[in-house]
Amino acid sequence: MQPDNDQLDVFLSDPTFRDWVRQGGMQQPDAPWSRWLQDNPAQQPTAEQARMILLAAHLPDETVAPEQTERFIEQVLAHTQGQQSRPLLNRVRWLTPAWLSVAAAMIVLTIGLGWLLNRSDPVRPVTYQALLNLVPASQETQNTTDKPMLVRLADGTTVLLQPNARLSYPPSFTAVNREVVLAGDAFFNVAHNSRQPFLVLANGMITKVLGTSFRIRANDADSIVTVEVKTGRVAVFAQADLNRARQSSGLSARSMLVTPNQQVIFLRQNEQMSQHLVAEPALLKSPEQNRDFSFTETPISQVFATLETAYGVDIVYDADALQRCSLTAPLGNEPLFDKLTIICRAIGGRYEVVGAQIVVQSDGCTD
Amino acid sequence: MTSPGIDEQLWQQLRSGYEPAFVELMRRYHGPLVGYARKLTPDNALAEDAIQDLFIHLWTNAQTLSQTTAVRPYLLASLRRRLVRSMHRDRWLLATAPDDLDTTFLVQFSIEESLIESETQQQQLRQLNHLLNRLPARQREALYLKFYQNLTNEQIAEVMHIGYQSATNMIHRALVFLRQHWFEEFTPLLLVILFLEKI
């Protein structure tokens, strides 16, 4: 019974297997798991047991309403407001008489510095209203419906506005750049024009492209702004670098170049940005070899190379340690992270997403 | 699957005392934590307080938090510890002492009705569901963490504060129990029925 129980636990432990069951199992004959089971009939009884357990261990959907979460956040912030993290409070130890005079001098100095910094560097989060003064845009479309709304701009660019999103833009693009202002969540498909870059200003983050498609989420209530790139390349700037973004002077220290399946998270308060993979990287290019991601005793380096090309991601691993590892599995059209979960189980390792890279760790395989 | 990189990045920013990252973590984890807390205690106010205290603690101790934690198991484990502590503390206040957390887990699994294919299957599922709900509390909790919080056996051990081997054994025992009482009698029959229905 032991080996079977292990296999049962393997099925139950696999998030892709659980999703497959919840989405109807064999009722989708083309799902990778359905096909895999057809090819491996010996596994069918155990898989069916795992499926029955999942169906009989159901819990009703118990998601918490977003309003409840927002109320919770307000309550917590009411407690923590003005509180600094503890090590800063430890400074009380410094308040010995000898230090007090120094402190007095430093306070004066700090006030002076603070005044200078405030002049040069406004840290107040940038809002939609404030941006309207910077951009020659006279038309505005707001999506007041509860469905996505398509807006077509004068240059042929299309913008899919999610509910509540608004977009401000000129009736025709006559300036050096095509500039629009966004509040909310929208997907852009920008008409290509290498001589007139397209700029989206949203809550302090500027996205600059020549022609490509990407999604921006810039809700006023959120502390972050994100841009996810679907095709092409996109440059992201902080609002403070507006002039640099408007000229074609390339990237600054506070800007980033984003490629497909990557996203930038921009923190409004300090205008910091960081690069990540999107939550579900899309297939960019079907592999020519190993069609359908079907591998048979394929060396692991080739498996990773196939994934890197197909999803435009960067996989980091120790090639020497994994030299003896190979993979036999039908990975099909499972999402990238599910494919990685299956591979890591096969090679006894685990993966981690670090920024925009995927790092795979494993002690290697024996023959 | 949740996006693994972002949570850890936010955690990193929380450690440097950056408030927007703290807010974003609350937005992402309030729901999962409420779901877990309600299965550990019937007292909704106690559950909400514990989650609130947990986040306030995170903020005031941000700079002493460890670096490489996987965020979800860390938060679930902290919440569980807090609830055990406060239920212990309040024990004397209550007319009837609550059972220890280790003996109550307030989950009654139901049956996923929408995916039932036949009358026979429904009967099987009813029986299996009955067996699942008869499992000891800790085994049901482990299954919940596996199926609904997407934790690995290693992370389940961390959250329930037991060794990795005990967690694996516990899940193993649950599966043996289900098999002994159910599968061995019914599965061959079931497969034949499914096979016949397909023809």
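The values are calculated or read from the model by the stated rules, or taken from the named source; none is laboratory data. The model shown is predicted, which means the values in this text are computed figures rather than measured ones. A quick note on method: Cβ atoms are made from the backbone with ideal geometry, for glycine too, and the neighbour counts reach across all protein chains shown.
Restricting A:Ser274, A:Ser286, A:Ser255 to those that are among the hydroxyl-bearing types (Ser, Thr, Tyr) and within 11 Å of chain B (Cβ to nearest Cβ) reduces the list to A:Ser274. Contact map, the stretch A:346-360: residues that are at the interface with chain B (Cβ under 9 Å from one of its Cβ atoms) paired with residues that are outside any helix (DSSP H, G or I) and modelled with pLDDT under 85, Cβ distance under 6 Å, separation 6+ or inter-chain. Pairs shown: A:Gly355/A:Gln275; A:Ala356/A:Gln275.
For the stretch A:205-217, the criterion of a residue being in contact with a Leu (Cβ under 7 Å, 6 or more places away or on another chain), in contact (Cβ under 8 Å) with a residue 40 or more places away in the chain and within 24 Å of A:Ser274 (Cα to Cα) is satisfied by no position. Do you know which of the residues in the stretch B:1-51 that are basic (Lys, Arg) and within 19 Å of A:Asp222 (Cα to Cα) is nearest to the other protein chains (Cβ to nearest Cβ)? Ranking the qualifying residues of the stretch B:1-51, first place goes to B:Arg27. Can you name every residue in the stretch B:138-177 that is touching an Asp or Glu at 6+ places or on another chain (Cβ under 7 Å), more than 11 Å from every other protein chain (Cβ to nearest Cβ) and surrounded by 16 or more Cβ atoms within 10 Å (Cβ to Cβ)? Once the filter is applied, which keeps residues that are touching an Asp or Glu at 6+ places or on another chain (Cβ under 7 Å), more than 11 Å from every other protein chain (Cβ to nearest Cβ) and surrounded by 16 or more Cβ atoms within 10 Å (Cβ to Cβ), the stretch B:138-177 yields B:Arg138, B:Met160.
Sub-7 Å Cβ pairs linking a first residue in the stretch A:68-82 that is within 13 Å of B:Arg28 (Cα to Cα) and facing chain B (nearest Cβ under 8 Å) to a second residue that is in a helix (DSSP H, G or I) and at pLDDT below 90, at least 6 apart or interchain, are A:Thr69/B:Arg27; A:Ile73/B:Val23; A:Ile73/B:Arg27, ordered by first then second residue. Among the residues of the stretch A:1-12, those that are in a helix (DSSP H, G or I) and modelled with pLDDT under 90 comprise A:Gln2, A:Pro3, A:Asp4, A:Asn5, A:Asp6, A:Gln7, A:Leu8, A:Asp9, A:Val10.
The residue that is surrounded by the fewest Cβ atoms within 10 Å (Cβ to Cβ), counting only those in the stretch A:205-230 that are in contact with an Asp or Glu (Cβ under 7 Å, 6 or more places away or on another chain) and closer than 15 Å to A:Thr157 by Cα, is A:Arg215. Looking across the stretch A:165-179 at every residue that is touching a residue at least 24 places away in the same chain (Cβ under 8 Å) and part of a loop (DSSP other than H, G, I, E, B), the one that is surrounded by the fewest Cβ atoms within 10 Å (Cβ to Cβ) is identified as A:Pro171. Number of residues in the stretch B:56-74 that are under 19 Å from the mean Cα position of the chain (by Cα) and either at the interface with chain A (Cβ under 7 Å from one of its Cβ atoms) or at pLDDT 85 or above (or both) equals 5. When the residues of the stretch A:194-225 are filtered to those that are outside any strand (DSSP E or B) and out of contact with any Ser or Thr (no Cβ under 9 Å at 6 or more places or on another chain), the one that is modelled with the lowest pLDDT is A:Ser194. Among (1) at pLDDT 90 or above; (2) more than 9 Å from every other protein chain (Cβ to nearest Cβ), there is one condition A:Leu55 misses while meeting the rest; what is its number? Answer for A:Leu55: the failing condition is (2).
I'd like to check something: does the stretch A:276-288 contain any residue that is surrounded by fewer than 15 Cβ atoms within 10 Å (Cβ to Cβ) and touching a residue at least 60 places away in the same chain (Cβ under 8 Å)? Among the residues of the stretch A:276-288, not one is surrounded by fewer than 15 Cβ atoms within 10 Å (Cβ to Cβ) and touching a residue at least 60 places away in the same chain (Cβ under 8 Å), which makes the answer no.
Taking the criterion of being touching a Ser or Thr at 6+ places or on another chain (Cβ under 9 Å) and over 20 Å from A:Ser13 (Cβ atoms), the residues of the stretch A:27-55 that qualify are A:Gln27, A:Gln28. Mind checking whether some residue in the stretch A:354-366 is assigned to a loop (DSSP other than H, G, I, E, B), surrounded by fewer than 17 Cβ atoms within 10 Å (Cβ to Cβ) and among the acidic types (Asp, Glu)? Yes: one or more hits. Scoring A:Pro32 on the criteria (1) facing chain B (nearest Cβ under 7 Å); (2) touching a residue at least 40 places away in the same chain (Cβ under 8 Å) leaves a single failure, condition (1).
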